[in-house]
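Novice: Take this structure, written in structure tokens, and hold onto it; I'll ask about it next.
Any read-out appearing in this document is the output of simple, stated calculations on the displayed coordinates, not a laboratory observation. As the structure is a prediction and not an experimental result, all values here were calculated from the model. Heads up, the Cβs are rebuilt from the backbone with ideal geometry, glycines too, and the neighbour counts pull from every protein chain shown.
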Amino acid sequence: MREGSTTRRSLLALGGALALAAPAAANPAWPTRPVRIIVPVAPGGSLDTLARIVAERLRDGLGQPVLVENRPGAASNLGFELVAGSPPDGHTLLLAPDSLTVNPALFEGLRYHAETSFAPVMLLTRAAQVLALRRDLPPATLQDFIALARARDGRLNIASPGNASSGHLAGALLQLRTGANWAHVPYRGGGPAVADVLAGHVDGVWVTLAPAVPHIRAGALRAVAVSTPGRAAALPDVPTVAEQGVPGFDVTNWQGLFAPAGTPPAIIRRLHDAVLRVLEEPAVRARLEDQGFEVVAGPPEALAATVAENLPRWREVVRAAGIRAD
């Protein structure tokens, strides 16, 4: 009897130990050292600003320093490849722009796959593009702009932050949808593109809101349209492209946080929850909105769906518009 009781006690103890071990295995100790967020563009732009605003507050939620590491180059592919090849332990993350879903249409032999090389964590934010023109250019509406572009037949110069940037894609898609024609002038960033519109060197620019809104509000640039399905909070009086006769038009910049594929789900959940708490802070939300971002804070499934939807869409636009990599 004593032996049976001992055996039963041993089994119960073993079962209890296994029950305690299961949550430990499902919730690995993390983070055990500083976490780095790879930003695949140069410092100073809107994506870099987003990363630093989030990282600054995320430290408190994770109990470890959160470092922003810029890895620009090869149209962001260097940063994408770095994270895709990193250990899936939650200590190396990627803050990706929408070029993650554009680059596969532009480059062959990439050492990552947009859908399978990364574990989605959160769809952080999205942002509109705005078509802003020189103040002395006549068009006040999108239809006026299209009419002028048709009349000049390629002699309008419209800038973008770079070849195959969201601004370039917005302009290319508008040309495909309307049949209008203008010359695309790529720059290395939205700031220089806006500066040349202000200086009168080019006629207009498709660009994210942050570098353009101060000049639009000051009256130095004329905003003709925004690229998103709904109006931008920062420019509530500027109609969308869709409102102005191009139904279904949508070029929405998005910014998502990823980990390498294979990162344990428990880490993904904890990271998502920590970032969500940051984005729910009113001061953080206000800072991001000042930069032209709309806070989404979508779950991993929303980010995965965004990637899946945009890959074939941009492949078709790139093909139809004849866009080539630099």
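Novice: Mean separation of Cα pairs under 8 Å and 6+ residues apart, divided by the residue count of segment 128-244: what relative contact order is that in percent? Before the final figure, lay out the partial values.
Specialist: Working: 226 pairs, mean separation 45.0, N = 117.
It rounds to 38 percent for segment 128-244.
Novice: Could you state the number of Å between the C-alpha centres of segment 51-73 and segment 93-111?
Specialist: 22 Å
Novice: Quote the Stokes-Einstein diffusion coefficient, in whole µm² s⁻¹, for the chain, based on the Kirkwood radius over alpha carbon pairs, a temperature of 20 °C and a viscosity of 1.002 mPa s. Can you show the working numbers first?
Specialist: Details: Rh = 21.3 Å.
Here the translational diffusion coefficient equals 101 µm²/s.
Novice: Same structure again: Could you state the angle between the C-alpha long axis of helix 46-62 and the longest principal axis of the C-alpha atoms of the chain, as a value from 0 to 90 degrees rounded to the nearest 10?
Specialist: Once rounded, one gets 20 degrees.
Novice: Could I ask something else about it? With axes computed from alpha carbons, what is the tilt in degrees of helix 166-178 against the longest principal axis of the chain, rounded to the nearest 10 within 0 to 90?
Specialist: 50 degrees
Novice: Okay, next question. Can you tally the net charge around Leu106? Count Lys and Arg as +1, Asp and Glu as -1, for every other residue whose Cβ sits under 15 Å from the Cβ of Leu106.
Specialist: Values: positive: Arg111, Arg313, Arg315, Arg319, Arg324; negative: Glu81, Asp98, Glu108, Glu316, Asp326.
Value of the local net charge: 0.
Novice: Between Leu110 and Asn163, how many nm apart are label points set 7 Å from Cα along the C-beta direction?
Specialist: 1.7 nm
Novice: May I ask for the net charge around Thr32, where only other residues with Cβ less than 15 Å from the Cβ of Thr32 are counted and Lys, Arg are +1 while Asp, Glu are -1? Intermediate results must be reported in sequence, preceding the final value.
Specialist: Numbers: positive: Arg33, Arg36, Arg59, Arg270; negative: Asp89.
Taking every Cβ under 15 Å from that of Thr32, the sum is +3.
Novice: Still on this structure, please answer the following. Calculate the length of the line joining the C-alpha centroid of segment 224-287 to that of segment 159-203, in whole Å.
Specialist: 22 Å
Novice: Longest exposed-loop-site-free stretch of the chain, with GluC sites (Glu not before Pro), DSSP loop and at most 13 other Cβ within 10 Å? Display every interim value, and only then the final one.
Specialist: Working: sites that count: Glu108, Glu280.
With a cap of 13 other Cβ atoms within 10 Å, the longest stretch comes to 109-279.
Novice: Let me check I've understood the local charge: for Ser160, count other residues with C-beta under 13 angstrom from its C-beta, Lys and Arg +1, Asp and Glu -1. What total comes out? Let's see the in-between values first.
Specialist: On the way: positive: Arg188; negative: Asp196, Asp203, Asp326.
Cβ neighbours under 13 Å give a net charge of -2.
Novice: I'd like the orientation of helix 142-152 relative to the chain: the angle between its Cα long axis and the longest Cα principal axis, in ° from 0 to 90, rounded to 10.
Specialist: Long axis of 142-152 versus the principal axis of the chain: about 50 degrees.
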